[in-house]
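This report concerns only the one structure given below.
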Amino acid sequence: MKVQFTETILRDAQQSLIATRMPFETFKPVLEKLNKAGYYSLECWGGATFDSCLRYLSEDPWERLRKIKEACPDTKLQMLLRGQNLLGYKHYPDDVVRLFVRKSVENGIDVIRIFDALNDLRNIQVAVDETLKAGAIASGTICYTTSPVHTLEKFAKMAKELENMGVQTICIKDMAGVMSPKEAYDLVKAIKAEVSIPVVVHTHSTTGLGFMTLLKCVEAGADVIDSAISCFSGGTSQPATETLVYTLKQYGYEVDVDENICKEINDFFKPIRAKALDSGLLNPVVMGTQTDALIYQIPGGMLSNLVAQLTAQKKLDKLDEVLLETPRVREDLGYPPLVTPMSQMVGVQATANVLAGERYKNISKEVKSYIKGEYGQAPGKVSEDLQKLVLGDEAPFTGRFADTLEPSFEATKAELGSKAKSDEDVLSYIAFPMQAEAYFAKRDEKERNTFKYTIREV
Ligand code: CO
């Protein structure tokens, strides 16, 4: 049996450990090795990489992608896409989603992992359709969570619907690292029994379950697993690539990843890790094992947000109450997976309920639009009392939210005028308006300076 690897060093690993602050020039020298290591794919784009390029690194994310592609012609490049929300949290009209997908593929992406925070498949349909039209691989993604409404049968049914949609692989995305080895084994088995396409598993090492979970997934028949080169692995990042390769080869699995090249890649990243530790960019806390998430059944990131929120309001003594209120709010909202932005919405609401001494005295704007149906279909039933409180006698919206949006690409392009030099620029602006504008201004300034310099040279 063959097991393949997706290496996350350029996206999730550095996002989880060093807030995606690695400039292209830093990892450029190792791209040739990453290209030859024998990975199924190299995750390098999407998520926070785009924002971080524009906001902190003064890099054009599209240009970064093209340069990675040039250096890695033999390995599939992969990105993460939040369906109709692209890289953010609001819904975009279909014309923007389609162009974003098409341009991503044109600029070098081969695999697009597409998910929706609520697992509402209507929110990933258009992105999947365009990925297939553009000739790339669509990985239909299921956000893993536990609740009375998230049963093995439902997950398996979702996988079947994704397969019918035309995706080439199914990805199980355990964004919080809370999927246990047993749950993972049962889930992969259940999905494998339902679909004939490969199953990919994504998890994090946060709670310490990662290695065991991936091993059990492989035993259950998973085809591709996500891992990170060892010196950027562990903690909130992925389990280590080399360790998994070593273990799986011993068990007789066919693995294409070359240990010697992995060693060279890891040696390359060691001084970068050391520097990040020295500067404080890499905080040793995120590299440890944090098991509180297993007790509270909420992701580690969400737990630290709650603590920070309460500390800021000098109410940390209310933490236990908030932790009891959190699952109740989640139940009232129909058990959304605790992934951004739902994790923040549930946490903020639970805190507000406790601090006000009265449940739902204050309801955030986001929770209101969620209850109105603007984020998509809730996995379970939303509490009728809460629905009444927000909507009165009005019925919630049950359609696909993007259907209410007018096409907007051409209008935005016209509005930007000469500030945008390409359609890619327009898409950067649509995804991150302020960051993109600031980046365009800096880029213009740099070009003017280069021009002046050239004139003087002449
Ligand atoms: Co992740």
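Against the conditions (1) within 16 Å of the ligand (Cβ to nearest atom); (2) out of contact with any helix residue (DSSP H, G or I) (no Cβ under 8 Å at 6 or more places or on another chain), where does Lys69 fall short? Just the number, please.
Of (1) within 16 Å of the ligand (Cβ to nearest atom); (2) out of contact with any helix residue (DSSP H, G or I) (no Cβ under 8 Å at 6 or more places or on another chain), only one is false for Lys69: (1).
Which one of the conditions (1) outside any loop (DSSP other than H, G, I, E, B); (2) more than 18 Å from Tyr429 (Cα to Cα); (3) away from the ligand (no atom under 16 Å from the Cβ) does Val97 fail to meet, given that it meets all the rest?
(2)
Considering segment 151-175 alone, what residues qualify as being away from the ligand (no atom under 16 Å from the Cβ), of a type outside the set (Ser, Thr, Tyr) and assigned to a loop (DSSP other than H, G, I, E, B)?
Scanning segment 151-175 gives Gly166, Val167, Gln168.
Do you know which of the residues in segment 329-344 that are modelled with pLDDT under 95 and in a helix (DSSP H, G or I) is surrounded by the fewest Cβ atoms within 10 Å (Cβ to Cβ)?
Gln344
When you check Leu77 against the structure, is it more than 16 Å from the ligand (Cβ to nearest atom) and part of a strand (DSSP E or B), yes or no?
yes
I'd like the residue in segment 62-100 that is among the polar types (S, T, N, Q) and without any contact (Cβ under 8 Å) to a residue 60 or more places away in the chain and, out of all such residues, is farthest from Thr8 (Cα to Cα).
Asn85
Yes/no matrix, rows are residues, columns are (1) buried (at least 18 other Cβ atoms within 10 Å of the Cβ); (2) within 16 Å of the chain's Cα centre (by Cα); (3) within 14 Å of the ligand (Cβ to nearest atom):
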{"position": "Lys2", "(1), (2), (3)": "no, no, no"}
{"position": "Ile18", "(1), (2), (3)": "yes, yes, no"}
{"position": "Thr26", "(1), (2), (3)": "no, no, no"}
{"position": "Trp45", "(1), (2), (3)": "yes, yes, yes"}
{"position": "Trp62", "(1), (2), (3)": "yes, no, no"}
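Restricting the first residue to segment 210-233 and requiring it to be of a type in the set (A, V, I, L, M, F, W, C), which pairs with a second residue that is assigned to a loop (DSSP other than H, G, I, E, B) meet a Cβ separation below 6 Å and a spacing of at least six or different chains?
What qualifies is Phe211/Pro239; Leu214/Pro239; Val218/Val3; Val224/Tyr40; Ala228/Thr8; Ala228/Ser237; Ala228/Gln238.
Quick one: how many residues across segment 176-207 are more than 16 Å from the ligand (Cβ to nearest atom), in contact with a Ser or Thr (Cβ under 9 Å, 6 or more places away or on another chain) and part of a loop (DSSP other than H, G, I, E, B)?
3
Restrict the check to segment 130-144 and report whether at least one residue is among the basic types (Lys, Arg), buried (at least 19 other Cβ atoms within 10 Å of the Cβ) and more than 16 Å from the ligand (Cβ to nearest atom).
no
Could you go through segment 313-320 and let me know if any residue there is surrounded by 16 or more Cβ atoms within 10 Å (Cβ to Cβ) and of a type in the set (A, V, I, L, M, F, W, C).
Within segment 313-320, one or more residues are surrounded by 16 or more Cβ atoms within 10 Å (Cβ to Cβ) and of a type in the set (A, V, I, L, M, F, W, C).
For segment 238-249, check the following and say yes or no: at least one residue is aromatic (Phe, Trp, Tyr), without any contact (Cβ under 8 Å) to a residue 40 or more places away in the chain and either part of a helix (DSSP H, G or I) or within 30 Å of Gln297 (Cα to Cα) (or both).
yes
Here is a check on your reading of the model: is Thr213 within 15 Å of the ligand (Cβ to nearest atom) and assigned to a helix (DSSP H, G or I)?
Judged against the criteria, Thr213 is a match.
Residue check, Gly300 against (1) surrounded by 21 or more Cβ atoms within 10 Å (Cβ to Cβ); (2) small (Gly, Ala, Ser); (3) at pLDDT 90 or above, all met but one. Which one?
Every listed condition holds for Gly300 apart from (3).
For the list (1) within 16 Å of the ligand (Cβ to nearest atom); (2) in contact (Cβ under 8 Å) with a residue 40 or more places away in the chain; (3) part of a helix (DSSP H, G or I), I need the number of the one condition that Lys103 fails.
Only one criterion is unmet by Lys103, namely (1).
The values are calculated or read from the model by the stated rules, or taken from the named source; none is laboratory data. Small disclaimer: the values here were computed from a predicted structure and weren't measured. Neighbour counts run over all protein chains shown; Cβ positions are idealised from the backbone, glycine included.
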